[in-house]
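A quick write-up on the structure given underneath.
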Protein chains: 2
Amino acid sequence: MRFSARMGGVRRSYIREILKVTQNPEIISFAGGLPSPDHFPAQAMARAAAEVLADNGPQALQYATTEGHPPLREFISRRYKATWGLDIPAENILITTGSQQGLDLMAKVMLDVGDAVLMERPGYLGAIQAFSLFGAAFSTADLGPRGVDLDQLEERLRERPKIFYAVPSFQNPSGATYDAATRRDAARLLENSDTILLEDNPYGELRFKGEDVPPVRAFLDQERCALMGSFSKIASPGLRIGWITAAPELMHKLVTAKQASDLHTSSLAQRILYRFLETNDLDAHIAVIRQAYGERRDCMVEAIRRHFPEEARTTEPEGGMFLWGTLPAGTDSEEVFAKAIERKVAFVPGRPFFVDGTDNAFRLNFSNSTPERIEEGIKRMGQCLKEVMARGGSAPAGAEPGLDI
Amino acid sequence: MRFSARMGGVRRSYIREILKVTQNPEIISFAGGLPSPDHFPAQAMARAAAEVLADNGPQALQYATTEGHPPLREFISRRYKATWGLDIPAENILITTGSQQGLDLMAKVMLDVGDAVLMERPGYLGAIQAFSLFGAAFSTADLGPRGVDLDQLEERLRERPKIFYAVPSFQNPSGATYDAATRRDAARLLENSDTILLEDNPYGELRFKGEDVPPVRAFLDQERCALMGSFSKIASPGLRIGWITAAPELMHKLVTAKQASDLHTSSLAQRILYRFLETNDLDAHIAVIRQAYGERRDCMVEAIRRHFPEEARTTEPEGGMFLWGTLPAGTDSEEVFAKAIERKVAFVPGRPFFVDGTDNAFRLNFSNSTPERIEEGIKRMGQCLKEVMARGGSAPAGAEPGLDI
């Protein structure tokens, strides 16, 4: 077989491989990045599907335009205006097959082999994968408690990466959020660069503590930022409906690339979703999710206080689905993982989120477990941590420590 | 803006641009490649959607595996066995977001810039687009009344293209079909090459005349062929569900590439489709479509005999959705198109289906127009043809004539 060079450097998602291990229902899994299925609006979607197929069956089942279902694009445009006062016309919004496709399309239209992409450190695995397939050369800027490290951002932007990929709200994997000042300062740096900010915001509406902050896009000229969003976390991921907003020149290229990639996103799924949005109160639905995730986050934070050794530092995120942990340098989270699987509890070791092999961090998902299972799982994981840490670290000297976010 | 080099050579689909012109319901359009929405199973899909969301709502709305819904993959596997005696296990079948995504994934895993891809001449536009985006260098082998020209195929295979892309049954755009002997001979040539056959078979089940012939894949070792299929023409395209079959090594790469492209195809759409297939008789449904398309094809063929000038030669396909026309060398079908649009009838000039600019051919779609509109549209188009041909050709000397298929 003669495969393309790009396939040489790409591994399958480590996380999706871990998910196979955790299919076993006996395993308490904090590994997935899954929203809670208990909060999917299945009945409302069923009504929406019935109405769409009764009223517009032939159109919902026919080929459709690449750009997406016009009323759905209008809905997204109106929501940006209502929430943030942002003027993003519907014609600058492209519906994508999940926001993962937005990453693929941006890579397709922007990257030649060896082009630089600036990532947050740690960074979102799906983006590392999508950009790797197009031969990206990665650089990184550390995340800290207030967001991206601005000195590092400034320095890296001087190297003229084509894209800076950022998840400024409740990032996957770290849960970190840029505060308002960091957003403004990052925008100012980007405004003076020729790098495009690819801002990914799947979790922004899932805030259960603190005050909402606008996307970085709000502080930037439209030419300098492509902003992505998704219905996966606020409605349901099985629809595979996300979007990307871009200025007209970039939008034109993205549409061309999408045409060649899958013609268009499922018209049936788009119309069902739009009918759901038209006939239900999305904000009320999001409020229910926020409440549930907030409770699960509190439960995990409290269980960690009781069961984890003090040296395992963890974040206390204000929203989203993830909590981030850092172990003393030299403690390998994959060793903890091996032990945890024996005890029937799973999480994601941090290594795949770093392009430099950092190994003393880990990610915990709290959205997809009940409080009871969170308590029991954290207790088991605490025992594993204590055992591995008591034995002393095993990592090679010189491995860079994970970040204390 | 600093775009990737690959975007330099890619135009938007000419056909999809034409479709915008033909949104006007006053225009009789033979331009689209659309199946007939009169024959979509909207009510059966509505029942399937209701059942899926009532019985398995949370699963249908959750993230799912990249490979696709397992029972759907089993269904496709069983159907290959029942129809052709082909052993294609479910684990060698990847569900894609329409078969257009199969083209994108194959290009991703196989092609580096400048790699050779062998196409049929004329060739499917969506494939030209998908491969162009990955920098393919095209060669071609002519289509004739019995299928691909075997001498040309043999010669081109000696140049070791990575992929030979073929639509052996009722091809888009030409409607041409390889006969059984051509399939066997083409398979023998491929067996002795190191080129992978990418066989695309969206129309194979839409035969209304003559005898069914097995896919070329049936005569080949699994390592030498990736076979694609689609539910777009036999169920409905708005679902965006196709598939690609491949031997394990290639399958592994395709799954990795799909993970980075859109994680997975809509689980809701996959489950609705599978429930539809489980609770309805697909073969009976296809028989209805076949009957309707056969009538429309007969109607178009007869109208052409009455209204087209004799020098405009057209095919009489045994299945599928398209009929192909060839004008005397020097007559530019785009000139006919301009005149036809004034008379409110549309078709697709042949140029975009050739990588060499051939301009005296055209494609007519018959699946998406009623017999009455076919009669009226062909009559108008015949007048345009007569007028343009009476004036004499306008094409530059030396343009290669379109094919008489």
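Give the stretch B:227-249 a look and list any residue that's crowded, with 24+ Cβ neighbours inside 10 Å and more than 20 Å from residue B:168 (Cα to Cα), or say none. B:235, B:236, B:237, B:238, B:239, B:240, B:241, listed by residue number.
With over 25 Å from residue B:285 (Cα atoms) and under 17 Å from the mean Cα position of the chain (by Cα) as the only criterion, which of B:123, B:135 stands out? Being over 25 Å from residue B:285 (Cα atoms) and under 17 Å from the mean Cα position of the chain (by Cα) holds for just one of B:123, B:135, which is B:123.
Which members of the stretch A:167-186 meet the condition of being of a type in the set (A, V, I, L, M), over 16 Å from residue A:205 (Cα atoms) and surrounded by fewer than 24 Cβ atoms within 10 Å (Cβ to Cβ)? Matches in the stretch A:167-186: A:181 only.
Restricting attention to the stretch B:328-338, does a residue exist that is in contact with a Gly (Cβ under 6 Å, 6 or more places away or on another chain) and closer than 12 Å to residue B:362 by Cβ? Yes; the residues of the stretch B:328-338 include at least one that is in contact with a Gly (Cβ under 6 Å, 6 or more places away or on another chain) and closer than 12 Å to residue B:362 by Cβ. Here A:363, A:306 are screened, and the one residue that is basic (Lys, Arg) and under 21 Å from the mean Cα position of the chain (by Cα) is A:363. Being more than 14 Å from every other protein chain (Cβ to nearest Cβ), touching a Cys at 6+ places or on another chain (Cβ under 9 Å) and in a helix (DSSP H, G or I) is a property that residue A:184 lacks.
In the set A:224, A:275, A:207, only one residue is within 23 Å of residue A:70 (Cα to Cα), assigned by TED's automatic domain parsing to the domain that holds residue A:76 and in contact with an Asp or Glu (Cβ under 7 Å, 6 or more places away or on another chain); that residue is A:275. Taking the stretch A:192-224 as the search range and keeping residues that are touching a Gly at 6+ places or on another chain (Cβ under 6 Å) and of a type in the set (A, V, I, L, M, F, W, C), which one is modelled with the highest pLDDT? The extreme case among them is A:206.
The residues listed here are B:107, B:54; of these, the one that is small (Gly, Ala, Ser) and either under 16 Å from the mean Cα position of the chain (by Cα) or crowded, with 18+ Cβ neighbours inside 10 Å (or both) is B:107.
Checked against (1) closer than 30 Å to residue A:105 by Cα; (2) more than 8 Å from chain A (Cβ to nearest Cβ); (3) in contact with a Gly (Cβ under 7 Å, 6 or more places away or on another chain), residue B:234 passes all but a single condition, namely (3). Here the stretch B:82-104 is the region considered, the condition is being under 18 Å from residue B:282 (Cβ atoms) and under 23 Å from the mean Cα position of the chain (by Cα), and the residue that is surrounded by the most Cβ atoms within 10 Å (Cβ to Cβ) is B:95.
Yes/no per residue for (1) of a type outside the set (A, V, I, L, M, F, W, C); (2) out of contact with any strand residue (DSSP E or B) (no Cβ under 6 Å at 6 or more places or on another chain):
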| site | (1), (2) |
| --- | --- |
| A:225 | no, no |
| A:239 | no, yes |
| A:246 | no, no |
| A:257 | no, yes |
| A:264 | yes, yes |
| A:304 | no, no |
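The residues in the stretch A:163-217 that are of a type in the set (Lys, Arg) and at positive phi can be counted, and the count is 0. Within the stretch B:82-98, the set of residues being assigned to a helix (DSSP H, G or I) and either under 29 Å from residue B:123 (Cα atoms) or within 14 Å of chain A (Cβ to nearest Cβ) (or both) comprises B:83, B:84, B:91, B:92, B:98. Looking across B:2, B:12, one residue alone is surrounded by fewer than 15 Cβ atoms within 10 Å (Cβ to Cβ), part of a loop (DSSP other than H, G, I, E, B), modelled with pLDDT under 90 and at the interface with chain A (Cβ under 8 Å from one of its Cβ atoms). It is B:2. Residues that are within 7 Å of chain B (Cβ to nearest Cβ) and not in a loop (DSSP other than H, G, I, E, B) within the stretch A:237-254 comprise A:237, A:238, A:239, A:249, A:250, A:253, listed in sequence order.
For residue B:223, the conditions (1) more than 13 Å from chain A (Cβ to nearest Cβ); (2) farther than 18 Å from residue B:101 by Cβ all hold with the exception of (1). Would you confirm whether or not the stretch A:99-107 contains a residue that is at the interface with another protein chain (Cβ under 8 Å from one of its Cβ atoms), farther than 21 Å from residue A:179 by Cβ and in a loop (DSSP other than H, G, I, E, B)? No, the conditions are met nowhere in the stretch A:99-107. Does residue A:47 qualify as being modelled with pLDDT of 95 or more and surrounded by 22 or more Cβ atoms within 10 Å (Cβ to Cβ)? So residue A:47 fails the test.
This table checks each residue for (1) modelled with pLDDT of 90 or more; (2) crowded, with 18+ Cβ neighbours inside 10 Å.
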{"site": "B:321", "(1), (2)": "yes, yes"}
{"site": "B:340", "(1), (2)": "yes, yes"}
{"site": "B:349", "(1), (2)": "yes, yes"}
{"site": "B:361", "(1), (2)": "yes, yes"}
{"site": "B:371", "(1), (2)": "yes, no"}
{"site": "B:385", "(1), (2)": "yes, yes"}
{"site": "B:397", "(1), (2)": "no, no"}
{"site": "B:400", "(1), (2)": "no, no"}
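Residues of the stretch B:20-68 that are within 7 Å of chain A (Cβ to nearest Cβ) and not in a loop (DSSP other than H, G, I, E, B): B:37, B:42, B:45, B:46, B:49, B:50, B:53, B:54, B:57, B:58, B:60, B:61.
Surrounded by fewer than 22 Cβ atoms within 10 Å (Cβ to Cβ) and either more than 8 Å from every other protein chain (Cβ to nearest Cβ) or touching a strand residue (DSSP E or B) at 6+ places or on another chain (Cβ under 6 Å) (or both): does that describe residue B:76? Considered against the rule, which asks whether it is surrounded by fewer than 22 Cβ atoms within 10 Å (Cβ to Cβ) and either more than 8 Å from every other protein chain (Cβ to nearest Cβ) or touching a strand residue (DSSP E or B) at 6+ places or on another chain (Cβ under 6 Å) (or both), residue B:76 comes out as yes. State whether the residues of the stretch B:282-305 include one that is of a type in the set (Ser, Thr, Tyr) and surrounded by fewer than 17 Cβ atoms within 10 Å (Cβ to Cβ). Within the stretch B:282-305 (the criterion being of a type in the set (Ser, Thr, Tyr) and surrounded by fewer than 17 Cβ atoms within 10 Å (Cβ to Cβ)), the answer is no, since none of the residues qualifies. For the stretch A:138-148, the criterion of being surrounded by fewer than 24 Cβ atoms within 10 Å (Cβ to Cβ) and either in a loop (DSSP other than H, G, I, E, B) or within 14 Å of chain B (Cβ to nearest Cβ) (or both) is satisfied by at least one residue. You will find that of B:131, B:170, the residue that is aromatic (Phe, Trp, Tyr) and outside any loop (DSSP other than H, G, I, E, B) is B:131 and no other. Being in a strand (DSSP E or B) and either without any contact (Cβ under 8 Å) to a residue 40 or more places away in the chain or among the basic types (Lys, Arg) (or both) holds for only one residue in B:199, B:211, and it is B:199.
The values are calculated or read from the model by the stated rules, or taken from the named source; none is laboratory data. This structure is a prediction, so every number in the text was calculated from the model and none was measured. Cβ coordinates were reconstructed from backbone atoms using ideal geometry, including for glycine residues, and neighbour counts include every protein chain displayed.
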